[in-house]
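Participant: Before I ask anything, let me first share the structure, which is written out below as structure tokens.
The values are calculated or read from the model by the stated rules, or taken from the named source; none is laboratory data. All values derive from a computational prediction rather than experimental measurement. All Cβ positions, glycine included, derive from the backbone under ideal geometry; neighbour counts span all protein chains shown. These area figures cover heavy atoms from the full protein model, side chains too; ligands, DNA and RNA do not enter into them. Shrake-Rupley method; radii C 1.70, N 1.55, O 1.52, S 1.80 Å.
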Amino acid sequence: MDYKYVVIGGGIAGVTCAETLSLLEPDSKILLVTASKLIKAVSNYQKVSRTLEMFDVEEKDKSFIETECNNVTVIHKTVLEVDSIDHVIRMCDGTSIRYGLLCICTGGKPKIIAEGNPYVLGIRDTESVQTFQKRLKKARRIVVVGNGGIATELVYEIEGSEVIWAIKDKSITSTFMDPGAATFCLPQLNETKMSTDKPLKRRKYTEEGADENVDRNSSTPGGSALGPDWSSHLEMKGAEQISHKVHVEYKVEVSRILTHEEYTTCEKSALNPSQFSSSDCWPVYVELNNGVIYGCDFVVSATGVIPNTYPFRKNNFDIAEDGGIKVNDKMQTSVKDIYAAGDVCNASWEHASHWLQMRLWSQARQMGAYAAKCMVSQSNNEDIPMDFCFEMFAHVTKFFNYKVIILGKFNAQGLGSDHELLLRVTKGEEYVKAVLQDGRLQGAVLIGETDLEETFENLILNQTDLSPFKDNLLDPNIDIEDFFD
Ligand code: FAD
């Protein structure tokens, strides 16, 4: 079977790529191959500003995209390998398909500490979340390892179980926040959670009958990564009648995981943080590199993702240090006629001054759409400019029940030491950080309902000289929106 365009992966990147190809070339044959039974569909897309966007993610049957885009065929199979010479992909059932242009959108898989240990769980897809929920119901205490978005959301949402949060940095949520913002959010960690009876803004994920045949070892792909608000509608309740009880262990890594038997012979004693239960009988123990041992019911490893490049190990792709397939500014890999987008790729072009790659749903969607445009332009022998979304990094999310917006070089990434930070903090309400260099805004962190996003976005994009107004930039009595209009 021959297809002009083949896309591998039914996550946000792959589905967006196939949909965009269909929109641009409604008469060409397009194939989407995915190992997951359900595909991820983006809905309720809203452009919040020039670079900020919000959308919902729904899991849908493959027929959804086939109905919406009648030149797209979806097959539920796992790709085993790609023969880039003959332009053929081979599937695990022995079938093969010829492609004209191929886009790899196989996402990532969780980087799990002590992989294979039955007491250590990773979180990536709906199935892994369901396993986590089941185990949590019986848990009195868990250890969460990792300091990114997933760990943060878990630690905040879990109730009814003590949580030891082991992070390698000196402040929480370091992937998205600087230590100041982390200090601002910290009181929320042990606050009793307010029950929200508000209707959910986003649809629930409903992967019914996840593929039981999928063996979750390192070489087999699972479902797609979860998306926005994945945690807020899920019941994350442990066995105890407690709200939040979180102890953060800073600047540590896990040295080893001990079974109960190993612990009893290791001649060390486990610690119980003050106000935590004093039990010393746990099914598993975690030893940290500061020598401290904690007992728990199980461990959640939320320590990032590794790009899922296993099926392409025999191809000569240039691979970046983070394990991603390198793509250029046209989303092309180093292998002819093969593109890549989403979590699996590494954006190896020279980035615009205020853009950086983070493996997020927004970038998966943007890369999928842009890869499709580049594929069509290659087949039409045209050149297209880089999409505007790669001009500036922008992300909106929710942590600790606060709206969080991060823009540009929000953590002064790559700016050297001659940058300035301007801060405005109202305890429990808002945290505003502006990163300036040479009097120009380079990035910002906006926590709470600050209403500053559009103005700050423009200031970063236009590189307005703020030197004369610097002292007033964050003055709450000045409406800077009017000021710069
Ligand atoms: P994926 O969604 O991983 O999709 C990969 C697809 O490829 C899957 O369909 C898979 O089945 C398929 N596949 C893999 N191998 C093969 C093969 N050999 N053959 C055929 N098909 C294959 N981002 C945010 O912006 N905000 C958040 O709040 C947020 N929360 C997250 C919470 C969790 C728990 C996780 C895990 C991620 C979160 N992310 C979040 C990140 C975001 O979900 C990902 O960046 C994004 O979904 C990646 O999309 P993707 O299409 O590149 O990959």
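Participant: Cross-link candidates for K268: which aspartates and glutamates have Cα within less than 14 Å, leaving aside residues fewer than 8 places away along the same chain?
Facilitator: Answer for K268, where 14 Å is the Cα cut-off: D280, E287, listed by chain and number.
Participant: So, one more: Could you order D280, D438 so the one with the most accessible surface comes first? Probe is 1.4 Å.
Facilitator: Correct descending sequence by accessible area is D438, D280.
Participant: May I ask for the net charge around Y431, where only other residues with Cβ less than 10 Å from the Cβ of Y431 are counted and Lys, Arg are +1 while Asp, Glu are -1?
Facilitator: In short, 0.
Participant: Using 1/(1 + (r/R0)^6) with R0 = 25 angstrom and r between the beta carbons of I242 and R135, what's the FRET efficiency to the nearest 0.05?
Facilitator: With R0 = 25 Å, the Cβ-Cβ based efficiency is 0.90.
Participant: What aspartates and glutamates sit close enough to K326 to cross-link, taking a C-alpha to C-alpha distance under 16 Å and skipping anything fewer than 8 places away on the same chain?
Facilitator: Straight-line reach from K326, under 16 Å: D318, D337, D343, E350.
Participant: Convert 25 °C to kelvin, take the viscosity as 0.890 mPa s, use the Kirkwood radius over C-alpha pairs of the chain as Rh, and evaluate the Stokes-Einstein diffusion coefficient in µm²/s, rounded to a whole number.
Facilitator: Estimated diffusion coefficient is 103 µm²/s.
Participant: Now, a different point. Length gain on complete extension for the stretch L421 to D2, per 0.36 nm per residue less the alpha carbon to alpha carbon distance?
Facilitator: My answer for the length gained is 145.3 nm.
Participant: Also: Determine the alpha carbon to alpha carbon distance for each of K29/K109; K109/K237; K409/K433; K77/K134; K40/K134 and list only those over 22 Å.
Facilitator: The answer is K29/K109; K109/K237; K77/K134; K40/K134.
Participant: Next question, about the same structure. Where does the chain land at 222 nm, in deg cm²/dmol rounded to the nearest 500, when only DSSP H runs of n ≥ 4 count, each adding -39500 (n - 2.57), divided by all residues?
Facilitator: Calculated from helices alone, the mean residue ellipticity at 222 nm is -5500 deg cm²/dmol.
Participant: Hey, any idea what % of the chain's accessible area is carbon plus sulfur with a 1.4 Å probe?
Facilitator: 47 percent
Participant: If I require 15 Å or longer along the helix axis, counting alpha carbons, and a Kyte-Doolittle average no lower than 0.0, what helices from the chain are left? Use full DSSP H segments.
Facilitator: Span-like helices in the chain: 12-24.
Participant: Which is the longest part of the chain that has none of the GluC sites (Glu not before Pro) sitting in a DSSP loop with at most 15 other Cβ atoms within 10 Å?
Facilitator: In the chain, the maximal stretch lacking such sites is 1-114.
Participant: Let me ask something else. Using 0.36 nm per residue of separation minus the Cα-Cα distance, give me the extension gain between K77 and D475 in nm, one decimal.
Facilitator: 137.6 nm is the gain from fully extending K77 to D475.
Participant: Continuing with the same structure: What percent do you get for the relative contact order of the chain when only Cα pairs under 8 Å and 6+ apart count?
Facilitator: Once divided by the residue count of the chain, the mean separation gives 17 percent.
Participant: I'd like the trypsin sites (Lys or Arg not before Pro) in the range 427-470 restricted to DSSP loop residues with at most 15 other Cβ atoms within 10 Å, sorted by number.
Facilitator: K427
Participant: Report, by chain and number, residues whose modeled amide H sits under 5 Å from the one on V88, excluding near sequence neighbours (fewer than 5 apart, same chain).
Facilitator: HN-HN under 5 Å from V88: D83, Y99.
Participant: Shifting gears a bit: Greater than 25 Å separation of Cα atoms is the criterion. Which listed pairs, K403/K427; K138/K403; K111/K373, meet it?
Facilitator: K138/K403; K111/K373
Participant: Assuming R0 = 51 Å, what is the FRET efficiency of E267 and N401, from their Cβ-Cβ distance, to the nearest 0.05?
Facilitator: Result of the calculation: an efficiency of 0.75.
Participant: Hey, another quick one. Once you put a point 7 Å from the Cα of K111 and another 7 Å from the Cα of E454, both along the Cβ direction, what distance in nm separates them?
Facilitator: In this crude spin-label approximation the distance works out to 3.9 nm.
Participant: Round to the nearest 10 and report in Å² the accessible area of C69, as given by a 1.4 Å probe over the protein chains' heavy atoms.
Facilitator: 20 Å²
Participant: Let me ask you something else. At 1.4 Å probe size, with no ligands or nucleic acids counted, give the accessible surface of W361 in Å², nearest ten.
Facilitator: Approximately 40 Å² of W361 is accessible to the 1.4 Å probe.
Participant: Calculate, for S467 and S28, the FRET efficiency according to 1/(1 + (r/R0)^6) with r their C-beta to C-beta distance and R0 30 Å; round to the nearest 0.05.
Facilitator: 0.05
Participant: Simple spin-label model, 7 Å along Cα-to-Cβ: R90 to R50 in nm?
Facilitator: Between R90 and R50, the label points sit 5.0 nm apart.
Participant: Next up: Once fully extended, how much extra length lies between D280 and Q188, figured as 0.36 nm per residue of separation less the alpha-carbon to alpha-carbon distance?
Facilitator: 30.3 nm
Participant: Show M358, M367 ordered by accessible area, largest first, where the area counts protein heavy atoms only and the probe is 1.4 Å.
Facilitator: Of M358, M367, the descending order of accessible area is M358, M367.
Participant: Turning to a different aspect of this structure: So what is Rg over Rh here for the range 401-484, counting just Cα atoms and using Kirkwood for Rh?
Facilitator: 0.93
Participant: While we're looking at this one, here's another question. Separation between the S255 and R98 pseudo-spin-labels, each 7 Å from Cα along Cα→Cβ, expressed in nm?
Facilitator: 6.0 nm
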